[in-house]
Amino acid sequence: MPGPSLPDDLDRLESSLLDRFTALAAQDLPGPDEPGPNGRGPDAPLRPGSTLTIGHARRLFRAQLQSRHLDHAARWLRARGQGFYTIGSAGHEGNAGVAAALRVTDPALLHYRSGGFYLARAQQRGGHDGVRDILAGLLALVDEPIAGGRHKVFGHPDLGIIPQTSTIASHLPRAVGVAFAIDRASRLGVAGAWPHDAVTVCSFGDASANHSTAQGAINSAAYTAHSGIPLPLLFVCEDNGWGISVPTPRGWIESAFAHRPGLRYEQADGSDLAEVFDVTSELVRWVRATRGPALLHLRTVRLMGHAGTDVESGYRSAASIRADEDRDPLVGTARLLVASGAMTSEEIASLYIETRAEVRDLALSMAGGRVLVDAGEVMEPLSPRRPTDVAEAASIVADDDARQRFFGASLPEHDGPLTLAETINRTLGDVLASRPEVLVFGEDVGVKGGVYGVTRGLRKRAGAARVFDSLLDEQSILGLALGAGVSGMLPNPEIQYLAYLHNAEDQLRGEGASLSFFSQGRFRNPMVVRVAGLAYQKGFGGHFHNDNAIGVLRDIPGLVIACPAHPLDAAPMLRTCVASAATDGTVSVYLEPIALYHTRDLHEPGDGLWTAPYAPPAAWAACDVPIGRARIARDGHDVLVVTWANGLFMSLRVAERLAVDGISCRVLDMRWLAPLPMADIVLHATQVGRVLVVDETRNSGGVGEGVIAGLVEAGYRGEMRRVAALDSFIPIGDAALAVLVRDDQIEVALRQMADSQ
């Protein structure tokens, strides 16, 4: 057979498998295409009582064989230095029966051992070459149809498979969101990505079932169903008994999920294709009819170890390994086919060898294809920017009658000067009125209107289907948004406090911001995550309500971070984030400074300088705020102050005091913390010649470090200083001021810099 030989362990496994095929008892019955006296044609059941036909089983067996040979190809391609991924699906090929029980239009979020599922679904889409797809992923080729050589994932828009990364269980919260969005889009009359009666399927491993993300998502699904909300979702736990080298206790998955309220549970033997198909078909019928969640416990085996570098003999006994080989799903399907008279044992062995040759020949012909080498090409799908289109989309507004119906007697532009919180509220209202696909949700955002009243009244105006309270779990909130976004909605979830985001940040890092990158933009999850954060709350706080740590957000490639300080910027920046999500699929974090929510005055009581009138729609284009552009909040020529949020408020107050002494400060509000507005910063720094960065985030890992580095790299050689918060958690009460940036620190630094002329 052409191509490289298999490593010794795989060669032994293949020889053993062929021996098992040959040993199967053949029955001298007519072939499936020529019905004999017993009527055993392609439409006959594979075995009595099964709904899986002989013809369908033969096609699925081919998918299973292809998956096994792709696993072998991955190993020898890696040995040649041409392959880059060796986590295989061997032993899990029974999931081909799961795919066969679903429609190609049912959205799927798959476990990384889902080769059989992928190839069986490719069969459902006539003419689709799933083998070529997977080989291109193993070879990291540019023409791989989903990630384009950026990662090995199972995904394709034509197959309804949303690509997932390898992060443990991180795709489960999104699956809940996808299932939720199917019926919610239909209820709202929004054109969703999936048919109105679709079922979402999400597979994961038994070890991943213990992860807090999986537990949270499954709990969220049951909670949602218990609340009477449709959630057509089929979880599939593929239980091979191992988490790399750590065994899963026998019976654990059944014990954990079989009696979970609100979640129907069934199990099937993954080595018995007919049982997998029949049990899954019944579960899918139930989910499709009831619109409720279910879990299929698929008992599988793991063959060939966790990955190519995994030496199983180091932690498993030979008897344990042989026991799994005895349950090989390929042998199980072959036994069913031979027993039904569909194929002889010789035909089974011949098909195995024939499929091996096809996969090897194709792999060898594809090896050496073009791979990514240019940074620009690698990053192209990361975070597309079309500012002209975004600016146009940011000006979209509901017609006058619709706005009047939404807001009632008083339109926002007639409400007089508004605070930051009031401006955000009115802007969300306009977004809801103009875009029927927008959802606003989170903890306390519905009936209560948010802890700080930012969403007050929106539920009454937009309806409970669009503005609603979630369960108290940030992973579930973000997962709901991710699933809704990829399904045609435009979610605006709220995270109640910045400190609460940290237990769920992987939903942004591992799932949200990476989806476009790993699918070349063919899948997107547009969303604007509103987060109440930063410090300086008076009379209330402590670390969990005054958090100034955003380094983890700035570290996520492609994520946009908007941070409006003044009501003048809040509305256009929020409209830009929403428009960028709708136009480019952007994932944004809209970081709202809590301490400035209800501030009205800047220098003295009653001056109203921290309020602004709400611009009428006719003026929106003129006050557009593009991503990554700063604003001069105060002009001056002695020192440039670069800052944002609470730092802007303090710096403007200090600059006013210094002006009395003849010190002229130019204050630049960055507004965007990712991407940084470095072009504007460098321009003004060069003009002024002295720069003070007022950084309310941490001294280490704060935003200011990026500003200073950007200035140095741009060739700026003038004086630079930074005033930053200390590397400390924020204590409660007045003690917070001991570690945060203060007015007096800013003033001292500015006076020293002005005196150095």
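Read the figures in this text as sums done on the coordinates, not as results from a lab. In this text the structure is predicted, and so the values were computed from the model without any measurement. Because the Cβ atoms are built from the backbone with ideal geometry, glycine has one as well, and the counts that use them run over all protein chains shown.
What is the log10 of I(q)/I(0) for the stretch 688-728, computed with the Debye formula using one identical point scatterer on each Cα and no solvent, at q = 0.24, 0.30 Å⁻¹?
Results for the stretch 688-728 at q = 0.24, 0.30 Å⁻¹ read -0.75, -1.01.
May I ask you to work out the translational diffusion coefficient for the stretch 609-667 at 25 °C, viscosity 0.890 mPa s, via Stokes-Einstein with Rh from the Kirkwood sum over Cα pairs, reported in whole µm²/s?
Rounded, D is 186 µm²/s.
Sort 713-721, 336-344 for me by packing, meaning the mean count of neighbouring Cβ atoms within 10 Å per residue, highest on top.
The peptides rank, most packed first, as 336-344, 713-721.
Would you mind ranking D547, D661, D183 so that the residue whose beta carbon has the fewest other beta carbons within 10 Å leads the list?
Values: D547 24, D661 8, D183 18.
Ordered by Cβ neighbours within 10 Å, fewest first: D661, D183, D547.
When Rg is the radius of gyration of the Cα atoms in the stretch 271-330 and Rh is its Kirkwood radius, what does Rg/Rh come to?
1.16
What is the Rg over Rh value, at two decimals, for the stretch 331-375, using alpha-carbon atoms and the Kirkwood definition of Rh?
Numbers: Rg = 17.4 Å, Rh = 13.0 Å.
Over the Cα atoms of the stretch 331-375, Rg/Rh equals 1.34.
At H543 and R125, where each label point lies 7 Å from the Cα along Cα→Cβ, what is the point-to-point distance in nanometres?
4.7 nm
Note down the magnitude of the dipole of the stretch 322-459 about its Cα centre, charges +1 on Lys and Arg C-beta and -1 on Asp and Glu C-beta and zero elsewhere, to the nearest 20 debye.
So the magnitude is around 400 debye.
Rg to Rh for the chain: what is it, with Cα atoms only and Rh by Kirkwood?
Radius of gyration relative to Kirkwood radius: 1.05.
Just order 148-157, 619-628 by mean Cβ neighbour count inside 10 Å, highest at the front, would you?
Numbers: 148-157: 22.7, 619-628: 16.9.
Result, highest mean first: 148-157, 619-628.
So how do 598-607, 472-481 stack up, highest first, on mean other-Cβ count within 10 Å?
Working: 598-607: 12.0, 472-481: 25.7.
Final packing ranking: 472-481, 598-607.
Which one of A256, I229, G241 has its Cα pushed farthest toward the positive end of the charge dipole of the stretch 205-358, where Lys and Arg give +1 and Asp and Glu give -1 at the Cβ?
With unit charges placed on the Cβ atoms, the residue in question is I229.
To make sure I understand the rule: partners must be aspartates and glutamates, Cα under 12 Å from the Cα of K152, and not fewer than 8 residues away in the same chain. Which ones qualify?
Answer for K152, where 12 Å is the Cα cut-off: D133, E144, listed by chain and number.
For the stretch 554-711, what is the per residue volume of the convex hull drawn over the alpha-carbon atoms, in cubic angstrom?
Value for the stretch 554-711: 123 Å³ per residue.
Have a look at the DSSP beta bridges in the chain and tell me what percent are antiparallel, nearest 5. The partial results should precede the final answer.
Values: 12 of 69 bridges.
Percent antiparallel among DSSP bridges in the chain is about 15.
Got a sec to turn the phi values of the stretch 691-696 into Karplus ³J(HN,Hα) couplings, 6.51 cos²θ - 1.76 cosθ + 1.60 with θ = phi - 60°, whole Hz, x for Gly and Pro?
Per residue, the Karplus-derived 3J(HN,Hα) values read 10, 10, 9, 9, 10, 7 Hz.
Once the convex hull of the alpha carbons of the stretch 128-198 is built, what does its volume come to per residue, in cubic angstrom?
Working: hull volume 7.2 nm³, N = 71.
Convex hull of Cα atoms, per residue: 102 Å³.
Roughly speaking, what is the stretch gain from Y315 to H637, that is 0.36 nm per residue apart minus the C-alpha to C-alpha distance, in nm to one decimal?
109.0 nm
Taking a label point 7 Å from the Cα of D399 along the Cα→Cβ vector, which residues of the stretch 603-642 have an amide N closer than 19 Å to it?
Under cut-off, by backbone N: 617-618.
Quick one: dipole size for the chain, taken about the Cα centre, charges +1 on Lys/Arg Cβ and -1 on Asp/Glu Cβ, in debye to the nearest 20. Let's see the in-between values first.
Details: 70 positive and 88 negative charges, 133 e Å.
My answer is approximately 640 debye.
W620: net charge of surrounding residues, Cβ under 10 Å, Lys/Arg +1, Asp/Glu -1, itself excluded? Write out the running numbers ahead of the final one.
Details: positive: R575; negative: D430, D624.
That works out to -1.
Computed from the mean reciprocal separation of all distinct C-alpha pairs, what Kirkwood hydrodynamic radius does the stretch 543-647 have, in Å?
Working: mean 1/r = 0.0639 Å⁻¹.
Computed over Cα pairs of the stretch 543-647, the Kirkwood hydrodynamic radius comes out at 15.7 Å.
FRET efficiency for D9 and S700, Cβ-Cβ distance as r, R0 = 56 Å, nearest 0.05?
It comes to 0.70.
Is the stretch 655-737 rounded, prolate or oblate when judged by the Cα gyration tensor, a ≥ b ≥ c being the square roots of its eigenvalues, rounded requiring a/c under 1.5 and prolate requiring a/b larger than b/c?
On the way: a/c = 2.19, a/b = 1.25, b/c = 1.75.
Since a/c reaches 1.5 but b/c is at least a/b, the shape of the stretch 655-737 is classed as oblate.
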